[in-house]
Amino acid sequence: MYIKTKTFQITPKELGGILTAIYYKRMRFFFILLVPLLVIYIVISILQNRFDWWLIYLAGSVAYLASLPLLFKVQKRSSTLEFQNRYCEIDENFFAVFYEDGSIVKINYSNFIQVIKNADYYFLYLTKIQFYYLPVTAFESEKDIHRFDLFLQSKQLMKLW
């Protein structure tokens with residue numbers, strides 16, 4: 001199996017949007033837990049005509065967690081290499097990324113811990129927080145996408161269902 005993708009690039013705005021979506025997905029449990037708890041305690045304090053300082057602390061914490069993605073400065077923290085044009089070559093042994101400036105990153109599939117596929121892109125995770133971004137539109141055809149999916153499933157990096 002050999003697949004070569006088209007050249008693609010990610011902008012800082014797109015990367016910021018992706019990181020924001022990942023953040024909210026990971027924090028979903030805390031928001032589901034904290035927001036109803038906050039609303040219940042606000043209603044109780046209004047009904048009892050009582051003011052608690054910890055309620056302000058809880059409300060501030062929820063507001064801080066919800067607004068944290070606004071503080072992401074993707075371009076300042078990311079390497080300029082991440083915003084260059086690049087293409088990928090995929091074979092049985094390596095996942096290779098060829099950058100516009102001539103840099104090459106070759107990764108063995110045993111280094112990936114997980115691959116997550118979205119409708120628009122793949123995240124190939126090296127660690128829980130470090131990943132390679134591969135858009136689905138970079139593939140030449142649906143056949144290449146299907147072959148890549150089956151290959152990832154055979155390596156037990158991704159489940160198709």
Just checking, how many residues over segment 1-47 are more than 21 Å from the chain's Cα centre (by Cα), outside any helix (DSSP H, G or I) and among the hydrophobic types (A, V, I, L, M, F, W, C)? 2
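Which members of segment 118-161 meet the condition of being of a type in the set (Asp, Glu) and free of Cβ contacts under 8 Å to residues at least 12 places away in the same chain? Walk me through it before giving the result.
Restricting attention to segment 118-161, the residues satisfying the condition of being of a type in the set (Asp, Glu) are 120, 140, 142, 144, 149.
The one that is of a type in the set (Asp, Glu) and free of Cβ contacts under 8 Å to residues at least 12 places away in the same chain: Glu142.
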Considering only segment 44-52, I want to know if a residue exists there that is under 30 Å from Ser154 (Cβ atoms) and not basic (Lys, Arg). no
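For (1) of a type outside the set (Ser, Thr, Tyr); (2) closer than 17 Å to Glu14 by Cα, each residue gets a yes or a no:
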{"position": "Asp120", "(1), (2)": "yes, yes"}
{"position": "Thr127", "(1), (2)": "no, no"}
{"position": "Pro135", "(1), (2)": "yes, yes"}
{"position": "Ala138", "(1), (2)": "yes, yes"}
{"position": "Lys143", "(1), (2)": "yes, no"}
{"position": "Asp149", "(1), (2)": "yes, no"}
Among the residues of segment 18-29, are any touching a residue at least 12 places away in the same chain (Cβ under 8 Å), open to solvent by 70 Å² or more (accessible area, probe 1.4 Å) and hydroxyl-bearing (Ser, Thr, Tyr)? yes
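The values are calculated or read from the model by the stated rules, or taken from the named source; none is laboratory data. Quick caveat: nothing in here was measured; it's all calculated off a predicted structure. When we count neighbours, we look across all protein chains shown, and the Cβ atoms used for this are built from the backbone with ideal geometry, even at glycine. Keep in mind that these areas ignore ligands, DNA and RNA; they rest on the heavy atoms of the full protein, side chains included. Shrake-Rupley method; radii C 1.70, N 1.55, O 1.52, S 1.80 Å.
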